[in-house]
Amino acid sequence: MTDLTITSVSRESRIFKPPAEFKGQANLGSFAAYRKLYAESVNAPEKFWARQAKEHLLWRKPFKSVLRWKLPHSKWFSGGYLNLSENCLDRHLGTHRENKAAIIFEGEPGDIRTLTYRQLHREVCKFANVLESLGLKKGDRAAIYMPMVPEAAVAMLACARLGVVHTVIFGGFSSEAIKDRVNDCQARLIITADGGWRRGRIIELKGSVDRALPNTPSVEHVIVLRRCGNEIAMAAGRDLWWHDLMARAPDLHKARAHESETPLFILYTSGSTGKPKGVLHTTAGYLLGVTMTTKYVFDLKDADIYWCTADIGWVTGHSYVVYGPLASGATVLMYEGAPNHPEPDRFWDIIDRHGVTIFYTAPTAIRAFMRWGDDYVNRHRLRSLRLLGTVGEPINPEAWMWYHRTIGKKRCPIVDTWWQTETGAIMVTPLPGVTPTKPGSATLPFFGIVPKVVDEAGHEVPRNTGGRFVLTRPWPSMLRTLWGDDERFKRQYWSELPGMYFTGDGARQDKDGYFWIVGRIDDVLNVAGHRIGTAEVESALVSHHSVAEAAVVGRPDDLKGQALVAFVTLKAGIPPGGALKEELRNHVAKEIGSLAKPDTIRFAAGLPKTRSGKIMRRILKEIAAGGDVKGDTTTLEDFSVVATLQQAEE
Ligand code: PRX
């Protein structure tokens, strides 16, 4: 933890009551009902969770205990058996949902495909048979590196059906990142595509996989979906076409039940060291978390067309594109491409054409829409929308108001949902039709969640004071450990403030008990809604032969929330220059992915350090933001470094 100064300057005072019309039809109809259920969920948690688990999940064998808690390890619903893919698919067959659209897919080029629950079930059964025919079994790991197409969901659900642990790797990550993740979890299989469409161009996914493969000895096979038709290399015996395998696969697959704590997926996320962490989620608790939040936070109804714009490469795509909505029998809209292709009104066009009713996106996207201008929005009616959501970073009140007025036409409640890869499901959020909202606040905790804002010693701070944001009780969808590194799991989340889960975020609670999340206070940045560890970018930079040392910090950015600024010292004799800056940016893209490219690189003769050699990031942050260096600099080893840095050109 470095340089902790949590200040929260926002003093937003506007309050928006739930619209009467929405309230009348909401899944939970009153604030009093929320209060009552919340009180029960924290006063008698085991009773509450047991009832919810029975109500929301389809069990093959009932659980014996609700929670076994030996801090920081939890076991939820032990002894219970269920199948997650059965919960998302088979349970809807034979009901009114059987022939309902499960996924409405729109590709970037404009191709549209609908899969009903029955059809999706059939595809998943076939693909589960494919995986079994390749020898994959429960507990094995499979990596998924795919565009946003229905087959990505099919692959995830087929893995879940078998108990094969999937790790989805975001399509924007580089071959180096694929290699690290595949090796860390020792995946036997990679499921990918020839490419995916993005702004009219093909992202060559199989090409990236090919560059990783010489260094991923655990991989036995690569299954390749033909999406773009671009030319790719197929290694005989190792690489197999999706369509060939599926053509031969039987379309029935009997799902076996798995114990509640069966590992479901690993999702790598940035932490404060150079190595991404493999967050592990398990079956029953995770499914309960995402199902309940889908019902209450998105107020889901059978008639809804629900669209969460997240990529399946992120946790939002796991929980709120695939598992939560499908377990709830929703119709999910899935869009492959960019929001501004062919024009910046693509999203609004999609909403009107498909009649989207619930729309869930990220503040960074909202700020981009604002920048592109209202004209693009106003070409469309957006009359079908009834509920809006945001996730991924704090939303500035200005963007919230724009969303409310220009997209929601003042009629749609906005749910600002706070959660993390580690929490699995939404933790702090308004319930639409229930919770009065304040622009910029994620408001109040979901059922069973007890967040607090505490000081360094773990004591709750007074209202309206900034502090560390913690969760003080275990919850069903919590991460169980970090894959292969339980020590890091303990250290990262549970050691700084004993007895509580530390989120890494700073927050304040206002007089009404509403939470205002300020953002990360560890060495993790939130760039355009993506979590990027500064240490990861630093280690990518120093792996370049010209670089001696690098320090990466965030600077406030109107569009992306935060932008990456890298301070780089070069090895002796290497001349600085614009070309080298570009080379270093591209080097980071190669090592991690273009999402981690520094926005600015500043060459420096030296970095500000303490006498013990620790880089003083607080100072770099102030310099990056263009301000004066305030606060204590007495621990600096060499003060002249700061003056030189301030003079250094951008
Ligand atoms: O800093 C918080 C921010 O995103 C972090 C979690 O990132 P990730 O694991 O990638 O998951 C993103 C999607 C769930 C948090 O620690 N964050 C997420 N949602 C919000 C938020 N910050 C403020 N308000 C939110 N609604």
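From the alpha carbon centroid of the stretch 421-466 to that of the stretch 598-628 is 32 Å. With every protein chain in place and a 1.4 angstrom probe, the accessible-area ranking of ASP416, ASP375, ASP180, largest first, reads ASP375, ASP180, ASP416. Starting from the Cα gyration tensor of the chain, take the square roots of the eigenvalues, sort them a ≥ b ≥ c, and report rounded, prolate or oblate (rounded when a/c is under 1.5, otherwise prolate if a/b is larger than b/c, else oblate). Verdict is rounded for the chain. Straight-line reach from LYS47: which aspartates and glutamates have a Cα under 14 Å away, not including same-chain ones fewer than 8 places off? Within the straight-line limit of under 14 Å, LYS47 reaches these aspartates and glutamates: GLU55. The lysines within cross-link reach of LYS275, meaning a Cα-to-Cα straight distance under 25 Å and a gap of 8 or more places when in the same chain, are LYS179, LYS206, LYS490, LYS560, LYS571, LYS581, LYS590, LYS597, LYS609, LYS614, LYS621.
Please label the shape of the stretch 76-230 as rounded, prolate or oblate, based on the square roots a ≥ b ≥ c of the eigenvalues of the alpha-carbon gyration tensor (a/c under 1.5 means rounded; beyond that, a/b larger than b/c means prolate, else oblate). Oblate is the answer for the stretch 76-230, as a/c is 1.5 or above yet b/c matches or exceeds a/b. In the chain, a dipole from Cβ-located charges (positive for Lys and Arg, negative for Asp and Glu) runs towards its positive end, and of THR291, THR600, GLY195 it is THR291 whose Cα lies farthest in that direction.
Take the alpha carbon gyration tensor of the stretch 532-647, find the square roots of its eigenvalues, order them as a ≥ b ≥ c, and report rounded if a/c is under 1.5; if not, report prolate when a/b exceeds b/c, else oblate. In terms of gyration-tensor shape, oblate.
In square angstrom, what is the accessible area per residue of the chain with a 1.4 angstrom probe? List each step's numbers first, then the result.
Working: 24090 Å² over 650 residues.
Result: 37 Å² per residue.
Between the alpha-carbon centres of the stretch 57-114 and the stretch 545-569 there is a gap of 41 Å. Beyond 19 Å in Cα-Cα separation lie the following of the pairs LYS36/LYS70; LYS54/LYS126; LYS137/LYS254; LYS36/LYS438: LYS36/LYS70; LYS54/LYS126; LYS36/LYS438. Considering only protein heavy atoms and a probe of 1.4 Å, how much of the accessible area of the stretch 26-397 is carbon and sulfur, as a whole percent? On the stretch 26-397, the fraction of accessible area on carbon and sulfur atoms equals 51 percent.
Within straight-line reach of LYS64, meaning a Cα separation under 15 Å, sit the following aspartates and glutamates at least 8 residues removed in sequence or on another chain: GLU46, GLU259, GLU261. Computed about the Cα centre, the dipole magnitude for the chain is approximately 1880 debye when only Lys and Arg (+1) and Asp and Glu (-1) carry charge, each at its Cβ.
The values are calculated or read from the model by the stated rules, or taken from the named source; none is laboratory data. Remember, predicted model here, so these are calculated numbers, not experimental data. Cβ sites come from the backbone with ideal geometry, for glycine too, and all protein chains shown count toward neighbours. Just so you know, the surface numbers come from the protein's heavy atoms only, side chains and all, with ligands and any DNA or RNA stripped out. Shrake-Rupley method; radii C 1.70, N 1.55, O 1.52, S 1.80 Å.
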